[in-house]
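All of the numbers you see were taken from the coordinates with simple rules; none came from a lab. A quick note: this is a predicted structure, and the numbers were derived from the prediction, not measured. Cβ placement follows ideal geometry from the backbone for every residue including glycine, while neighbour counts extend to all protein chains displayed.
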Amino acid sequence: MSLLPEAHAELLCFVVATAAATYALASDWRVDHVVIACRSWLSVNRLNLPWLERVRLGQLALQIAQRDLLTVGIALKRADVQGLFTGDMRLNPASTVVQRMLQVCRHALEDHRFA
């Protein structure tokens, strides 16, 4: 079963935000954090995604975090990380950075025909 387009975009955005936050804090692109973020989001939301789709989504998330965020003017700094997430580690919908990331993720999914 595939995710609905909005859930797919939210999952991708969560993984992108996690990857970008990790890089802002540790200056390292951690693939294991991408995998954990994807699994965690799916678990919390009680959804499933086939493993191959998770791999593709993880690759796309790293591409967005490493390249596309800068293209749209999102340069995440250490001080920005806390504002991306709520206390229960969900995306902070009030954050303008998260809102912009979500828009980037929606466009990426449309371009890659994941959604």
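Observations, loosely collected:
- Radius, Kirkwood style, for the chain when every pair of distinct Cα atoms is counted (Å): 13.8
- A helix-only calculation puts the chain at -19500 deg cm²/dmol for mean residue ellipticity at 222 nm, using -39500 (n - 2.57) for each DSSP H run of at least four residues, averaged over all residues.
- Normalised size of the stretch 66-115, defined as Cα radius of gyration per 2.2 N^0.38 Å with N residues, equals 1.22.
- Rounded tilt (10° steps) of 5-26 against the dominant C-alpha axis of the chain: 40
- For 13, 38, order by how many other beta-carbon atoms lie within 10 Å, fewest first: 38, 13
- 0 to 90° range, to nearest 10: angle between helix 51-63 axis and the chain longest Cα axis: 30
- Axis of helix 96-112 versus longest Cα principal axis of the chain: the two differ by about 40°, to the nearest ten degrees.
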